[in-house]
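The values are calculated or read from the model by the stated rules, or taken from the named source; none is laboratory data. The structure displayed is predicted, hence computed values, not measured ones. Ideal geometry is used to build each Cβ from the backbone, glycine not excepted, and the neighbour counts take in all protein chains shown.
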Amino acid sequence: MTDRLMLLDSASLYFRAFYGVPDTVRAPDGTPVNAVRGFLDIITKLVTTYRPTHLVACWDDDWRPQWRVDLIPTYKTHRVAEVVAVGPDVEIVPDPLEVQVPVIRAALGALGITIVGAAEHEADDVIGTLATRATLPVDVVTGDRDLFQLVDDARDVRVIYTARGMSNLEILTDATVVAKYGVLPSQYADFATLRGDSSDGLPGVAGIGEKTAAGLLAAHGDLPGILAAAEAGDGMSAGVRAKLAAGAPYLAVAPKVVAVVRDLDLPAIDARLRPLDDEAKVAATVLADEWALGTAMTRIIDALDRVDAS
């Protein structure tokens, strides 16, 4: 069996679990555990279906880094629940989900699944760094289109896209990204910069949508090439040149915001999946009983048992 690394966009997945499993699922003390159970079941399905040998739950240590906000103040503004004077802003997270996040981390710890975050950076940046430095084939699991920029057939980096639900997972390769958007994955960050993304508070260049952005990238390769052609008046209409000129202040800063960081100084990790030994199984079972995780914990333990045998 070929070794393969799976990188989880953890918040993307536990939000999906929270909204996909009824919040009537609760622990004995009344705490909802629907996101915990759903997240464990998601990992079980991923491990069973795609057979990774290594797995990292990548974490948002800072979901809205100040350095990105300094460049584009509207970055994720619509998701801000509270602005704080010191430290990261508070994200809009439903209370019944917020109380489950520590339980999710405890469950991952009990299962021996590595969690990696980085100060002042999002999970996207952790994923970008781990995918870039990996010597194994990589599967990135996310519902976030931003990570399409990491797809790379030559290095065997794929995205398993969850936007249509866990029953309709989509594997993105170079050809898939081209078919969807008309750009290569290596052009996707520039494409997203030009088009904008309302889900991240990125305005884009006014008047330039997906079709125009893809056409510009096909003709000129990348954003610097587009801007050089606009300045030279080379193969570009006056209207498009005017739109790019009007968007110049935005285009000067947006690429750094949109591009995932690929060179974080992360600690060395051992992300190999292993079956739990008897002592670890007892500890995981105690945790499962405490939080009423039931068969969700049993299924993932069984899935980990099969990793070593597959």
> List pairs: first in the range 11-34 and farther than 17 Å from Met166 by Cβ, second among the charged types (D, E, K, R) and surrounded by fewer than 17 Cβ atoms within 10 Å (Cβ to Cβ), Cβ under 6 Å, 6+ apart or cross-chain?
Replying inline: Pro32/Asp23; Pro32/Arg26
> In this structure, does Val157 turn out to be of a type outside the set (Phe, Trp, Tyr), assigned by TED's automatic domain parsing to the domain that holds Asp139, in contact (Cβ under 8 Å) with a residue 24 or more places away in the chain and in contact with a Phe, Trp or Tyr (Cβ under 7 Å, 6 or more places away or on another chain)?
Replying inline: no
> Of all residues in the range 289-310, how many are among the small types (Gly, Ala, Ser), assigned to a helix (DSSP H, G or I) and in contact (Cβ under 8 Å) with a residue 24 or more places away in the chain?
Replying inline: 3
> Is it the case that Ala280 is closer than 28 Å to Ile127 by Cα, out of contact with any His (no Cβ under 6 Å at 6 or more places or on another chain) and not in a loop (DSSP other than H, G, I, E, B)?
Replying inline: yes
>> Going by what's in this entry, would Ala292 be described as among the aliphatic types (A, V, I, L, M), at positive phi and in the same structural domain as Ala118 (by TED's automatic domain parsing)?
In response: yes
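Condition check ((1) basic (Lys, Arg); (2) not assigned by TED's automatic domain parsing to the domain that holds Thr129) across all residues:
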position: Tyr188; (1), (2): no, yes
position: Gly209; (1), (2): no, yes
position: Ala219; (1), (2): no, yes
position: Ala230; (1), (2): no, yes
position: Ala246; (1), (2): no, yes
position: Ala252; (1), (2): no, yes
position: Ala268; (1), (2): no, no
position: Asp277; (1), (2): no, no
position: Lys281; (1), (2): yes, no
